[in-house]
Amino acid sequence: MPYLGNNPTANFATVTKDTFSGNGSATAFTLSKTATTNGVAVYVENVRQIPTTAYTVSGTTLDFGSGNAPVSGTNNIYVMHHNTPVSTATHPAAQDLTCAGFTSTGIDDNADATSITIDSSENVGIKTATPTNYYADDLVVTAPDEGGITIVGGTTERNYLAFADGTSGNAQYRGLISYDHNTDKLTLGAGGGGSVVLDGNGIVTNSTQPCFLVRNSSDQSNLTTNGGLITVVFDTEVFDQNADFASNTFTAPVTGRYLFTYNVNLAQVDADHTILALTLSTSNNAFTNNPIVSPTSFDADMGELALNGAIICDMDANDTALVKIAMEGGSSQTDIKANGVRTNFGGVLLC
């Protein structure tokens, strides 16, 4: 007789028969293998019984229920198991295979019996049968020398490896590594953004790395002598990459080592000053220029004098840094000049 479909490679299922003898009182019998109520056909005196109504099956127990014991007889009860597949049909190679779900403890190929392993905890190992041997074991790939994982993209496309903690907005990529094939730039990002960029020439930039340069827009005239440290006013930002500078003060956003440079251009410097000292004042320390200038060593007032310094500081998060100047002796006639960028204060996070 003609039929539709593909030839099965072997019988799709086999049938097992269990036989029992009733005694008029026994209602439970032990099957030869685990079954379900609708997975077997039960006959008493050659009459097929109705599943659930006349009997139930749980595991290997066939139960007719209280008051429904089969009549006495030799081998008058038999059970046909008909739901256990023992072989499979070959799926046509040219057709797609679609299924609602898939569970496996291992997928083998002809080259390596452990090429892909899915263990009982649903950890996946590629070229390893024991992904749980490793710290992050959800997906473990074992690679030889020059081996690894490749993400293929087009010449104008951008590809991502993302770390998500949600399904909307930048929670989908709170951490990321991306490569833009169009610009040949690799980007590393955290907190839902990308700021560290490596370009094709090996140059690394970070658009939010703490880095600033500020200057003054007007003179700070007639500085007070014998009055302690005077804060140098810097009211104009040349740049401030991470918005860490305000009100003459730099505030460290993170703990680290910072490089600071500072230049102050003075005018009308009184030769009678006994001390003229420039200081970088931080939360943890004060760095005063050495040597401290003593104008009394000069023959006359100076029309212009430049003081400057540079220092690497160890700062904690929220520590501050300001530039200050101190003058002792003489009159209050010395000015801090605003002449381009010759009076300035800059800094950058090194590490």
Checklist line | Scan of the range 221-240 for residues that are within 18 Å of residue 313 (Cβ to Cβ) and outside any strand (DSSP E or B), ordered by number | finding: 229, 232, 234
Note to self: Suppose we filter 280, 350, 259 for residues that are touching a Phe, Trp or Tyr at 6+ places or on another chain (Cβ under 7 Å) and farther than 20 Å from residue 227 by Cα; which single one remains?
What the structure shows: 350
Next item on the list: Keeping to the range 115-131, report how many residues are surrounded by 15 or more Cβ atoms within 10 Å (Cβ to Cβ), in contact (Cβ under 8 Å) with a residue 12 or more places away in the chain and out of contact with any Leu (no Cβ under 7 Å at 6 or more places or on another chain).
Entry: 11
Check: Hey, any hits in the range 286-297 for a residue that's loosely packed, with under 13 Cβ neighbours inside 10 Å and farther than 26 Å from residue 212 by Cβ?
Finding: yes
Check: Can you tell me which residue in the range 183-211 is surrounded by the fewest Cβ atoms within 10 Å (Cβ to Cβ), limited to those that are of a type in the set (Ser, Thr, Tyr) and closer than 21 Å to residue 156 by Cα?
Finding: 183
Margin query: Out of the strands (runs of 3 or more DSSP E) lying entirely within the range 122-217, which hold 2 or more residues that are under 30 Å from residue 255 (Cα atoms) and more than 22 Å from the chain's Cα centre (by Cα)?
Written below: 211-215
Margin query: Can you go through 83, 68 and tell me which one is modelled with pLDDT under 90, touching a strand residue (DSSP E or B) at 6+ places or on another chain (Cβ under 9 Å) and either outside any loop (DSSP other than H, G, I, E, B) or surrounded by 10 or more Cβ atoms within 10 Å (Cβ to Cβ) (or both)?
Written below: 83
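The values are calculated or read from the model by the stated rules, or taken from the named source; none is laboratory data. As the structure is a computational prediction, the values presented were derived from the model and not from experiment. Neighbour counts are summed over all protein chains in view; Cβ atoms, including those assigned to glycine, are modelled from backbone coordinates with ideal geometry.
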